[in-house]
Amino acid sequence: MALPIVAVVGRPNVGKSTFVNRIVGGQEAIVHAQRGVTRDRSYHQASWNGRDFTLIDTGGIEMESTDSFIAPIRAQAQMAMEEADVVVFLVDGKVESTADDVAVARLLKKSERPVLLAVNKMDNPGREEAIWEYYSLGLGTPWPVSSVHGHGTGDLLDELVTLLPDTTDGEDEAIDAIRVAVIGRPNAGKSTLTNRLAGFERSIVSDVAGTTRDAVDTLVEHDGTTYRLVDTAGMRRSAKIDESVEYYGFVRTLRAIDRADVALILVDATLGLTDQDQRVAGFAAERGCALIILLNKWDAVDDPDERDLIRERVASRLVFVDYAPVIAVSALTGRSVYRIWTAIDKVYANYTRQLPTPKLNAFLAQIRDFGHTVSKGKMQLRSNYVTQTGTAPPHFTFFANHPQLVDDNYLRYLENRMRLSFDLEGTPIFLHFKKKD
């Protein structure tokens, strides 16, 4: 289910990122901060009083500046306001309100979104009279907070969660189904593929409007299994992608990934692998989805050498998701689309797989016998025990004498050996090391 979105906006240096970190920092489940379209955007999952939501940390809004980066940052922050269900407008309580604060407040009053005005840097609760002048912004009662020390953030969050929309979609949402997101760059053929998968077997259960204006869920039954297809409609509506459209497209993609067990990444084979394809794959990998890469429009690539070149480029540029199967298809003609169902079932099974502890420790014994380990000075890593501590995706915890010695190279080596020993195609895996008790 897509989470409600809360956008944190304000001019530069008012403490937006510190505020976001204060809210999400204590949530151990939040392990991936998803980067957005520009360098100064980040997306975080947060929870308060049992309500989950997504926080968007936006760039500082300046209405007048000669900096070439200011205009796109301002435009994308404005788009974040439109995309959000609730907006937190952060101002600096240590200075008087500025012309930029007034201009942003004017935009927010036009947006028809619930707005909470938070006066930050109120590190001394005794100075709350400093918030009085912010009543003039016309956004209701200001909330004094300190992002550094946490003063007032609990009261603000109590009010925030009362403004979040209900995310319950009814009985249909409770249907046990494999959630599949169809994602990719504009014009890659996402909607064509969704329609092909939904209509080819003539077994559509129902069409359900999603929690966003543009995402549509379709329940499909195939060979006795129910799938919820999430099409990121709207990403392909403009042939020329400007900043605003690209921003909207990536927000929709991120929300689709949030709802998915399996992500189908469509690559337009007639264009080859692009930087945008790489970014989409990176977002899906960081969110921990099972992945399948689809080379769409394969029928339009006639030259065998060109086909080989496309596959080589996919293998080299998507090496960080080399566990994902690659399937060449044509959504338009239906060529090889039937293979997608088999691939979804397989990667989902691996995504939710629970490996027996005895088999894992037999694997660990083989690793020890092989002798490859890491050392520093007189310290040498020795793993004594391993067990699976999570699924969807699989998490494995190794208990060792010196877990601090583990580096990225050793983790990569261990992951490769695990994938050779166990069928984990299509799913990311996460390896953790703890000190042996």
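Yes/no per residue for (1) surrounded by 15 or more Cβ atoms within 10 Å (Cβ to Cβ); (2) closer than 25 Å to G199 by Cβ:
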| site | (1), (2) |
| --- | --- |
| V267 | yes, yes |
| D275 | no, no |
| A281 | yes, no |
| I293 | yes, yes |
| K297 | yes, yes |
| R307 | yes, no |
| V319 | no, no |
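For segment 304-311, does any single residue satisfy the condition of being out of contact with any Ser or Thr (no Cβ under 6 Å at 6 or more places or on another chain) and touching a residue at least 40 places away in the same chain (Cβ under 8 Å)?
Within segment 304-311 (the criterion being out of contact with any Ser or Thr (no Cβ under 6 Å at 6 or more places or on another chain) and touching a residue at least 40 places away in the same chain (Cβ under 8 Å)), the answer is yes, since at least one residue qualifies.
Filtered by the rule that a residue be part of a loop (DSSP other than H, G, I, E, B), at pLDDT below 80 and not hydrophobic (A, V, I, L, M, F, W, C), segment 51-92 gives T58, G59, G60, E62, E64, S65, T66, D67, S68. Among the listed residues F363, F370, which satisfies the condition of being open to solvent by less than 50 Å² (accessible area, probe 1.4 Å) and either at negative phi or modelled with pLDDT of 95 or more (or both)? Just one listed residue meets the conditions, F363.
Return yes when A392 is on the phi > 0 side of the Ramachandran plot and surrounded by 12 or more Cβ atoms within 10 Å (Cβ to Cβ) and no when it is not. In short, yes.
Among the numbered conditions (1) closer than 30 Å to T225 by Cα; (2) open to solvent by less than 30 Å² (accessible area, probe 1.4 Å), the only one that D423 does not meet is (2). Considering only residues that are under 29 Å from D231 (Cβ atoms) and assigned to a loop (DSSP other than H, G, I, E, B), look in segment 1-26 and name the one that is modelled with the highest pLDDT. Out of the qualifying residues, it is P4. What's the total number of residues in segment 93-111 that are within 21 Å of V6 (Cβ to Cβ), open to solvent by 80 Å² or more (accessible area, probe 1.4 Å) and modelled with pLDDT of 85 or more? The qualifying residues number 2.
Filter segment 359-371 down to the residues that are over 33 Å from the mean Cα position of the chain (by Cα) and either outside any helix (DSSP H, G or I) or among the basic types (K, R) (or both), then identify the one that is nearest to M418 (Cα to Cα).
So, considering only residues that are over 33 Å from the mean Cα position of the chain (by Cα) and either outside any helix (DSSP H, G or I) or among the basic types (K, R) (or both), the one nearest to M418 (Cα to Cα) is R368.
Check segment 346-358 and report whether any residue there is out of contact with any Ser or Thr (no Cβ under 8 Å at 6 or more places or on another chain), surrounded by 15 or more Cβ atoms within 10 Å (Cβ to Cβ) and assigned to a loop (DSSP other than H, G, I, E, B). So far as segment 346-358 goes, yes, one or more of its residues are out of contact with any Ser or Thr (no Cβ under 8 Å at 6 or more places or on another chain), surrounded by 15 or more Cβ atoms within 10 Å (Cβ to Cβ) and assigned to a loop (DSSP other than H, G, I, E, B). Consider segment 381-408. How many of its residues are more than 25 Å from the chain's Cα centre (by Cα) and part of a helix (DSSP H, G or I)? Residues flagged as more than 25 Å from the chain's Cα centre (by Cα) and part of a helix (DSSP H, G or I) within segment 381-408 amount to 3.
The values are calculated or read from the model by the stated rules, or taken from the named source; none is laboratory data. These numbers come from a predicted model, not from an experiment. Glycine gets a Cβ as well: all are built from the backbone with ideal geometry, and neighbour counts include every protein chain shown. Accessible surface is based on the protein model in full, side chains and every heavy atom, while ligands, DNA and RNA are left aside. Shrake-Rupley method; radii C 1.70, N 1.55, O 1.52, S 1.80 Å.
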